[in-house]
1. Filter the stretch 241-264 for residues that are within 16 Å of ligand 2 (Cβ to nearest atom) and open to solvent by less than 10 Å² (accessible area, probe 1.4 Å); which is farthest from Ser288 (Cα to Cα)?
2. Looking at the structure I just gave you, is Ala306 open to solvent by 20 Å² or more (accessible area, probe 1.4 Å), more than 14 Å from His381 (Cβ to Cβ) and either modelled with pLDDT under 95 or in a loop (DSSP other than H, G, I, E, B) (or both)?
3. Do you know which of the residues in the stretch 170-198 that are of a type in the set (A, V, I, L, M) and part of a strand (DSSP E or B) is nearest to the chain's Cα centre (by Cα)?
4. Could you tell me whether Glu156 is open to solvent by 50 Å² or more (accessible area, probe 1.4 Å), farther than 21 Å from Asn430 by Cβ, touching a residue at least 40 places away in the same chain (Cβ under 8 Å) and in the same structural domain as His241 (by TED's automatic domain parsing)?
5. Can you name the number of the only condition in (1) among the hydrophobic types (A, V, I, L, M, F, W, C); (2) away from ligand 1 (no atom under 16 Å from the Cβ); (3) crowded, with 19+ Cβ neighbours inside 10 Å that Ala365 fails?
6. Would you point out which residue out of Ala273, Ala189 is free of Cβ contacts under 8 Å to residues at least 40 places away in the same chain and either under 23 Å from Gln350 (Cβ atoms) or away from ligand 2 (no atom under 16 Å from the Cβ) (or both)?
7. Quick one: count up the residues across the stretch 141-169 that are part of a helix (DSSP H, G or I), closer than 23 Å to Tyr208 by Cα and either among the small types (Gly, Ala, Ser) or more than 11 Å from ligand 1 (Cβ to nearest atom) (or both).
8. Yes or no: the stretch 1-15 includes at least one residue that is at pLDDT below 95, open to solvent by 70 Å² or more (accessible area, probe 1.4 Å) and out of contact with any Gly (no Cβ under 7 Å at 6 or more places or on another chain).
Amino acid sequence: MSWTKERFDRIKAWEESCEFEDFIDDRVIHGILKKQENPSRESVLGVINKAKENAYKGTMLTPEETAILLHIKDEDLWEEVFKAATFIKEEVYGNRIVLFSPLYISNPCVNNCSYCGFKSSNEEMSKKTLQDEELVQEIEALLDSGQKRLIAVYGEHPKSDYAYIAKTVKTIYSVKKDKTEIRRVNINAAPMFEEEYQAIKAEGIGTYQVFQETYHRETYEKIHPQGTLKGEYKWRLFALHRALKAGLDDVAIGVLFGLYDWKFEVLSMLYHAMDLERIFGIGPHTISFPRIKLTSGSNPKELPYALKDEDLIRIAAVVRLMCPFTGTILTAREEPQLRDVMLKKCGISQTDAGTNIGIGGYSKAQEGNDLSNQQFAIGDHRNIDNFILNLVREGRLPSFCTSCYREGRTGCNFMPLAKQATIKYLCIPNGILTFKEYIRDYASPEVKKLGEEVIIPKYLGMLRENLPQAAKVVEEMIQKLESGGTDCHL
Ligand code: SAM
Ligand code: SF4
């Protein structure tokens, strides 16, 4: 029996005996959206205030409240949402932006998702699975850029099954260059069985991310051919339930915007978060809002639900109000100008920088988009240092922090800190320390100057004012870094 057929049969058997209850009811979601179509000004302002209060209580908005925000029509009310998004982000995490890089490791795929460059029917894609030495070269190139945090990405294929994923995670952590290393590897890979999750957990993965793509069943079935593994909606819907049950600590959700009505998708993500919270006591660690981009072998311009820039900006801000304690991720799929606007007003907490999604792209120093070697076109090609320069010019603190995960502050040990809006007292010190290490080892003169003279004094000053004890510890650690220390964190 082929790998795919055997897996398909196992998935079907799992679906038949699935212990979880479906949490997406199209009729209910459409009903809530319809009911809140024309919210009053007072009700919008009431929800915005409630979202701000929720930031200290660790509660999410309800579907009805979220639907009110999704239907705002007045520009001035949207401005209030953006202000609240910035406020909530700063209250929970502080004005730091965590930076990571995606690392595409293998692109062969048994599925045929209509929107994806890796789909099995795309003959314009050159198929590649990195071998050990090639992977090491990628890691060395990433370390040379100053990166410490990755999300490793894989197509679904016997060549990149759970055992291969586990092996590559082990290899990534093993690479040392100039006395430094990758300190956190997150994973974006197809849904697995519980024992497979346990095998990748054993190698120390950080967050495990699966995007539902669309929560709308009918659309899901149209774009993911039936008979393929990805065609199984239910298997994917509960991918993160299985992961948490298997013992993974942090899971991440997302929707591929452009496939179906964005308002329906945002509410569905909320139902997903609520169900994880209800069963496991921890919501998603992050929420992503990728948007469909051009690939070889497909044309995103033909999408009936193509998302406008202004709607993407609104989605990001509403998600921040909807789940105040959850990290939000913006990716280099988008153009620099839009990214800068979104970083400024949507309360984004994490983003990728120095992104290259070609297989082997970092070590080959592949420039621009090469659609025969990458899943989709990205919009932001700035290198890490340029990206950081932009952040520090805006007064923000770039962070390569990996400390929660390494200090055991994951899952139910992490959530209370985010829910009580106290995590910032760790995010800011660790942001300062990891930025200091970056400045020492990798920064351009301009980043170094702004970092040393403006950013570090600014955030250290904030610490001195609010947490003098922590400020003292950070100052001592800064001295350690100045005399050659590495990896100082709280
Ligand atoms: N194969 C695994 C799976 O499907 O779960 C890994 C995911 S794939 C390599 C990573 C994500 O890229 C997908 O979940 C999808 O949301 C996104 N993606 C696929 N095609 C895209 C496109 N044309 N533009 C933007 N994002 C895309
Ligand atoms: Fe394969 Fe994932 Fe692309 Fe679908 S989205 S074709 S499953 S890599």
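The values are calculated or read from the model by the stated rules, or taken from the named source; none is laboratory data. Predicted, not measured: the structure shown is a model, and the values here were computed from it. So basically every Cβ, Gly included, is an ideal-geometry build from the backbone, and we count neighbours across all protein chains shown. Note: areas computed on protein heavy atoms with side chains; ligands, DNA, RNA excluded. Shrake-Rupley method; radii C 1.70, N 1.55, O 1.52, S 1.80 Å.
1. For the stretch 241-264, the residue satisfying everything is Gly258.
2. Yes.
3. This residue is Ile187.
4. No.
5. (3)
6. Step by step, each of Ala273, Ala189 is checked, and only Ala189 is free of Cβ contacts under 8 Å to residues at least 40 places away in the same chain and either under 23 Å from Gln350 (Cβ atoms) or away from ligand 2 (no atom under 16 Å from the Cβ) (or both).
7. The qualifying residues number 12.
8. yes
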